[in-house]
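The values are calculated or read from the model by the stated rules, or taken from the named source; none is laboratory data. All values derive from a computational prediction rather than experimental measurement. Cβ sites come from the backbone with ideal geometry, for glycine too, and all protein chains shown count toward neighbours.
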Amino acid sequence: MTEKEQILNNNNGEIPKGTYDIVRIKNIPNPEQELNTFKQTVIAFLENQKLKPENPKWEKLLPKPLVEFTDQLKEEDFHKDDLISSIGTIIVTLQEVKDWEWYSSKLTENGFDVYIKGEFYGIFLPIIHQQGIPHTSLYIVSDGKEYPTRALTDVLTYRKWDPNTLKLK
């Protein structure tokens, strides 16, 4: 099964053999929608891995919520919130650190889990955060232990986020 097939079909939290981590998202209002946006982002990356990070096509290939959130950011946001990255930086990181493989996912009561084979070094956290999900909802489970995101100021705490309009104020 290809990685894209795993993203689309392994939706019951199937556990991979070998080393894996879990990206865990908690306490969000629209888990299914957010998981689908995250899946679309990773699929867009997998299908266009050779595309240069600075190529403007990324703005059309990536899901609207990620692009619109990122486009609203101000220069100061990139310095205050250490989970904020430009689209190009996100793509560079995904290209350079491809020691990971999406294995499966599952919806939980108020969030979702994504099982990642290999080493992924938390590279998905900016992607998920830039869907409008706060730091306090982002966790990594490694070796059976759950770790909250440790980051500086969250842009969502000093600028209002309206998930209905996808707008920061």
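Data table
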item	result
Residue in region 122-130 that is modelled with pLDDT under 90 and at positive phi present	yes
Gly144 at positive phi and buried (at least 18 other Cβ atoms within 10 Å of the Cβ)	no
Residue ID - modelled with the lowest pLDDT, chosen from residues in region 148-166 that are in a loop (DSSP other than H, G, I, E, B) and of a type in the set (Val, Ile, Thr)	Thr165
Tabulated pairs, region 141-160, first under 19 Å from Ile84 (Cα atoms) and of a type in the set (D, E, K, R), second in a loop (DSSP other than H, G, I, E, B) and modelled with pLDDT of 90 or more, C-beta under 8 angstrom, 6+ apart or interchain	Asp154/Asp81; Asp154/Leu83; Asp154/Pro134
In region 115-137, the residues that are in contact with a Gly (Cβ under 9 Å, 6 or more places away or on another chain) and within 9 Å of Val23 (Cβ to Cβ)	Tyr115
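Conditions tested, residue by residue: (1) more than 13 Å from the chain's Cα centre (by Cα); (2) within 22 Å of Ile140 (Cα to Cα); (3) modelled with pLDDT of 95 or more; (4) assigned to a helix (DSSP H, G or I).
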| site | (1), (2), (3), (4) |
| --- | --- |
| Lys17 | yes, yes, no, no |
| Arg24 | no, yes, yes, no |
| Leu35 | no, yes, yes, yes |
| Phe45 | no, yes, yes, yes |
| Leu51 | yes, no, yes, no |
| Glu68 | yes, no, no, yes |
| Leu94 | no, yes, no, yes |
| Lys98 | yes, yes, no, no |
